Amino acid sequence: MMSRICFVELPATDLVSARSFYADAFGLAFVDFGPSYACTLTGDVDIGLQADASEATSAPLAVIAVDDLEASLEAVGKAGGVITKPVFAFPGGRRFHFRDPSGNELAALKAD
């Protein structure tokens, strides 16, 4: 697999209204993962809505699918990236967050 953006996570101040907006405006269907998180599961580029303020990023978070999470973690560091959230597991896989040299926060994901 070639690395590619597979997911965009959006901070949401109100999960119910955010879900409603994307459903009404674009016909998107969301699956709930607890009281503060929902995402589409289309298998293409999906959208996540993060309403937990302690977990949400300050801006949209692009997530890059990778084949080898540990190798990507090492490569990000060698290329000048800064790890902002170490590898963690979640339903569906594992990921880490990082900032690129321009200060953009992204994540790398290895799906289960």
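Before moving on, here are some points about what is shown:
- Residues Val87, Val82, Val16, sorted by accessible area with the largest first, give Val16, Val82, Val87 [1.4 Å probe; ligands and nucleic acids excluded].
- Apportionment of accessible area to carbon and sulfur, the range 1-94, percent (1.4 Å): 62 percent
- For the range 5-12, backbone phi angles converted through the Karplus equation (6.51, -1.76, 1.60; θ = phi - 60°) give residue-by-residue couplings of 5, 10, 7, 10, 9, 10, x, 10 Hz, Gly and Pro being listed as x.
- Beta bridge orientation in the chain: antiparallel %, DSSP, nearest 5: 70 percent
- DSSP-loop GluC sites (Glu not before Pro) across the range 1-109, with at most 13 other Cβ within 10 angstrom: Glu55
- Dimensions of the chain along the principal axes, based on C-alpha atoms and rounded to the nearest Å, stand at 43, 27, 22, largest first.
- Averaged over its residues, the range 1-60 has an accessible area of 62 Å² per residue, based on protein heavy atoms and a 1.4 Å probe.
The values are calculated or read from the model by the stated rules, or taken from the named source; none is laboratory data. Keep in mind the model is a prediction, meaning the values are calculated, not measured. We place every Cβ from the backbone using ideal geometry, glycine too, and count neighbours over all the protein chains shown. Note: areas computed on protein heavy atoms with side chains; ligands, DNA, RNA excluded. Shrake-Rupley method; radii C 1.70, N 1.55, O 1.52, S 1.80 Å.
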